[in-house]
1. Looking at (1) modelled with pLDDT of 85 or more; (2) outside any loop (DSSP other than H, G, I, E, B), which is the only condition B:GLU305 fails?
2. Which residue out of A:ALA320, A:ALA266, A:ALA230 is of a type outside the set (Phe, Trp, Tyr) and in the same structural domain as A:ARG15 (by TED's automatic domain parsing)?
3. With respect to the numbered conditions (1) under 30 Å from B:ALA141 (Cα atoms); (2) in contact with a helix residue (DSSP H, G or I) (Cβ under 6 Å, 6 or more places away or on another chain); (3) within 9 Å of ligand 1 (Cβ to nearest atom), which one is the sole condition not fulfilled by B:GLN110?
4. Kindly provide the set of residues from the stretch B:211-233 that are over 11 Å from the mean Cα position of the chain (by Cα) and over 19 Å from B:LEU17 (Cα atoms), ordered by number.
5. Please specify each residue of the stretch B:152-177 satisfying the condition of being within 12 Å of another protein chain (Cβ to nearest Cβ), aliphatic (A, V, I, L, M) and not in a loop (DSSP other than H, G, I, E, B).
6. Out of everything in the stretch B:51-60 that is buried (at least 21 other Cβ atoms within 10 Å of the Cβ) and not basic (Lys, Arg), what residue ends up being farthest from the chain's Cα centre (by Cα)?
7. For the stretch B:182-190, does any single residue satisfy the condition of being part of a helix (DSSP H, G or I) and within 20 Å of the chain's Cα centre (by Cα)?
8. Scanning the stretch B:61-84 for residues that are of a type in the set (Gly, Ala, Ser) and within 14 Å of chain A (Cβ to nearest Cβ), which turns out surrounded by the most Cβ atoms within 10 Å (Cβ to Cβ)?
Amino acid sequence: MRKKDRQVPVFIINRLFQAIGVILVMSVLVFVGLYLIGDPTSMLVSPEATEIERQALRKALGLDQSIWVQYLTFLGNAVHGDFGRSFLTGQPALQLIVERMPATVELVVVAMTFSVVVGVPLGILAGLRPKAPSSKAIMTGSILGFSLPNFWIGLMLIMLFAVYLGILPASARGETVNVGPVALSILTLDGWRHLALPALTLGLAKAALIIRVTRAATREVLPMDYIKFARAKGLRPSRILNVHLLKNILIPIVTVAGLEFGQAIAFAVVTESVFSWPGMGKLLIDSIITLDRPVVVAYLVMMVFFLVILNLVIDILYMAIDPSAREKVRD
Amino acid sequence: MDVSSMQATAMTRQEPLLSIKGLKTHFATRAGVVKAVDGVDIELGRGEILGLVGESGSGKSITGFSILGLIDPPGRIVDGSIDYDGLDLVSMDEEARRRLRGNDIAMIFQDPSMTLNPVLRIDTQLIETVQAHAEVSTAEARQRARDALVQVGIPSPDERLKAYPYELSGGMRQRIAIAIALINKPKLIIADEPTTALDVSIQGQIIYEVKQLCRRTGTALIWITHDLAVVAGLADRISVMYAGRIVETGTTADVIERPLHPYTQGLIDSVPSHATRGHRLHQIKGMTPSLLNLPKGCAFRERCEKATPECLVAPEPTLLPGGKSVRCWNPAL
Ligand SMILES: Nc1ncnc2c1ncn2[C@@H]1O[C@H](COP(=O)(O)OP(=O)(O)O)[C@@H](O)[C@H]1O
Ligand code: SF4
Ligand SMILES: [Mg+2]
């Protein structure tokens, strides 16, 4: 028992070390990559600026140094929590990102909730009766949601609800309410109206995936002896469905939903661009375009951390769902 | 035969608990109709133990699932009747059947590593079985769960109740499955090769204990097995199944010592203990035929040493005195 208690932190620490390794490799790649792409100062000064003005700016931003010196300086500062300032605005990169975070998190949480609430029941339905016309309709819908490009779905929704019906706004965040330092849309009706289309766009794509995973898992679990045994015990169908089936299909669903959640938080670029949603994805794409290296690097470092933590949370959820996973952690 | 089984046999003649007549359960597959169960008759008295014996694929499990109403498409009961205690199980609506399952008629499955739900605790799996059939508090249901574990001889039941299946051995899991089957005091238990997946030593124990439990509680039992030796010491009567049909039924003593059907004869001769007593060790020749491609007439014809031209027509069951019955043109009378 004591062994069990001590094992969990060890596996968490291992993960964090892995994360640091990934961050180091990734930051080198991003540094070199952006260095090769071009000179950010060309974005910052007016085309008429003289070479002397440019030189002065390069010096001010530390860009006159060799790439390796720049990298080591960055590392040294990063260890102390300083990720540098945006070339463009001069604001601390971290602050820029954190300011944008609530918008993205809000969008993704609503979208993922939608995808799970819609996707899991539809997936189970399609898995229970794979041959029924309703199941075939569900699967066709899922293939569409899966294969149509996200931006296209977004544009179609804009066409329908914003342009044609004119009932929902097509861009920006709408009215927000501050909860402490965090601005939230989900507390106002106007916020929800603005949130609806981007969340639906993102949520439909994710729901398509959740449906497929749920259906596959349902089809795998249904023929299991323990389901037949549950029926032989005379359990009510609702209990078999909501407990015996659901608890077992939850494992693949949590995996996929968790990874998709992380993916969406880190890279909700397309949806945010289509709807001019002022979130982190929009910030990332803008920063890449302007070669605003401190923001891009800080962003990616944060996202690696976030994804590692998310993976840990998924693993802990596994352990809550699947008792034998608790055992496997020890190995 | 002990006293209670004599009584059981006597009662069979009066009012059977279970009476299956002409049961046919077929599977419509792409390759053709698989007649997994094709005209099965079974009669079982209260508290009686029946051994249902036959090689793998002969339709034993499907017979058991048909009784419980657990046949899934493409399978379907296409003909016959299953009368349980005056109720017609075939035409009964699903909710009524659910209320019988696990309450009046319970089943134990073959592979204990698969029958318990891996993500639910043992207590959950026992308690839900109680609460599916009776409005009792969880505390009361838990008490019954504990009693059921004690009844099947599980040591430190309180600890086991909190365990997950993966923490228990195969024998322990099967005991828990048996406890689940017994928990609502059913009148009939269908045990589908419950010891096949277990060690030989545990096999013997479990067979002995289940027999004791059924005798003590007056529960009728259908024990399904491919191994005639297993039911020899357990069953009051034996039905031998071949290719979806019962080919011979009789008391255990009659079937083992005076088998009528050539297939039963073959099964007995292939049990090693009989060979060492002077019989030659005998394997039934040929292979189990595919259910999609059975020989015309008697399904055993191509493997049978006593086959005659009449056997090109399928024999019907012949009822003989003493509750015996045989499906053969040339039985060893
Ligand atoms: N779902 C199914 N689809 C098609 N055939 C099936 C299905 N289930 C069982 N069968 C067939 O029914 C026959 C009897 O199976 P079963 O009752 O499980 O045999 P056993 O005597 O070994 O328990 C087998 O030949 C099997 O191929
Ligand atoms: S009916 Fe004929 S073929 Fe079938 S078992 Fe009897 S003797 Fe053999
Ligand atoms: Mg079987």
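The values are calculated or read from the model by the stated rules, or taken from the named source; none is laboratory data. Keep in mind the model is a prediction, meaning the values are calculated, not measured. Reconstructed Cβ throughout: ideal geometry from the backbone, glycine too, with neighbour counts over all protein chains shown.
1. Every listed condition holds for B:GLU305 apart from (2).
2. Values: A:ALA266 fails: in the same structural domain as A:ARG15 (by TED's automatic domain parsing); A:ALA230 fails: in the same structural domain as A:ARG15 (by TED's automatic domain parsing).
Result: A:ALA320 is the single residue among A:ALA320, A:ALA266, A:ALA230 that is of a type outside the set (Phe, Trp, Tyr) and in the same structural domain as A:ARG15 (by TED's automatic domain parsing).
3. (2)
4. Of everything in the stretch B:211-233, those that are over 11 Å from the mean Cα position of the chain (by Cα) and over 19 Å from B:LEU17 (Cα atoms) turn out to be B:GLN212, B:ASP227, B:LEU228, B:ALA229, B:VAL230, B:ALA232, B:GLY233.
5. Passing the criteria: B:ILE176, B:ALA177.
6. Step one: filter the stretch B:51-60 for residues buried (at least 21 other Cβ atoms within 10 Å of the Cβ), giving B:51-54, B:58-60.
Of the ones still in play, those that are also not basic (Lys, Arg) are B:51-54, B:58-59.
Values: B:GLY51: 6, B:LEU52: 5, B:VAL53: 8, B:GLY54: 10, B:SER58: 12, B:GLY59: 10 Å.
Among those residues, the one meeting the criterion is B:SER58.
7. Checked against the condition, which is being part of a helix (DSSP H, G or I) and within 20 Å of the chain's Cα centre (by Cα), the stretch B:182-190 yields at least one hit.
8. Of the residues in the stretch B:61-84, the ones of a type in the set (Gly, Ala, Ser) are B:61, B:64, B:66, B:69, B:75, B:80-81.
Retained after the next criterion (residues that are within 14 Å of chain A (Cβ to nearest Cβ)): B:61, B:64, B:66, B:69, B:75.
On the way: B:SER61: 21, B:GLY64: 23, B:SER66: 25, B:GLY69: 20, B:GLY75: 19.
Ranking the qualifying residues of the stretch B:61-84, first place goes to B:SER66.
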